[in-house]
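Colleague: Quick one: the structure is below, and I'll ask about it shortly.
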Amino acid sequence: MPTPTTTPTPTSTPTPTPNGFTFKDWEEHPVGPEGVFPRLARATVTNAFTGALTAPATTCAYTVAYTGDCAGTFTGMELVTGTVDGREGAFVLEERGTFDATGTHCRFTVVPGSGTGGLTGLGGSGSFAHRYGDTSVEYAFDYAFTDTAADTDAAAVQSA
């Protein structure tokens, strides 16, 4: 990779932060006999998110159904404590996905009513695709806050 010979000058336009996460911990336990298909497993996972959603350590629980050595489906719930669009709080994501020898595909939705603090009224959905070997996973997350969240923010400001 070439080394730059000039120092870039700062601009007034901020560089967007990419939406990504990394696995900080993955612990999987078989449910029932191993070495047969189909088979089940439980996994507890910790992820770290950056971008529109920022959370240093989430708490996630999956149920995994293996249909082959490197293939199957999973469902899970992920408790996220952090910020979305600069607003702090917590919420839960419901996740469903598939995996095979090439990687994982997942779609997720915010569990209605799960938002707390500044994330009260958060709704939305997203997805990610992970290729095995990648250390970071890019995600898409479309979200919005209901009027209830704005009403809660206004009430908090008025009572302060």
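Readers should treat all values here as calculations from the given coordinates under stated rules, not as data from a laboratory. Since the model is a prediction, treat every value here as computed from it, not as a measurement. A quick note on method: Cβ atoms are made from the backbone with ideal geometry, for glycine too, and the neighbour counts reach across all protein chains shown.
Colleague: Estimate the FRET efficiency between Trp26 and Tyr143 by the formula 1/(1 + (r/R0)^6), using the beta-carbon distance for r and 25 Å for R0, to the nearest 0.05.
Modeller: Using R0 = 25 Å, I get an efficiency of 0.45.
Colleague: Another question, then. Fully extended, how many nm does the chain gain between Ala129 and Asp100 (0.36 nm per residue separation, minus their Cα-Cα distance)?
Modeller: Extra length from Ala129 to Asp100 when fully extended: 9.3 nm.
Colleague: Could you check the simple spin-label distance between Asp85 and Asp69, using points 7 Å along Cα→Cβ, in nm with one decimal?
Modeller: 4.7
Colleague: Tabulate in residue order the Karplus-calculated ³J(HN,Hα) for segment 72-78, using 6.51 cos²θ - 1.76 cosθ + 1.60 with θ = phi - 60°, rounded to whole Hz; enter x for Gly and Pro.
Modeller: x, 9, 8, 9, x, 10, 10
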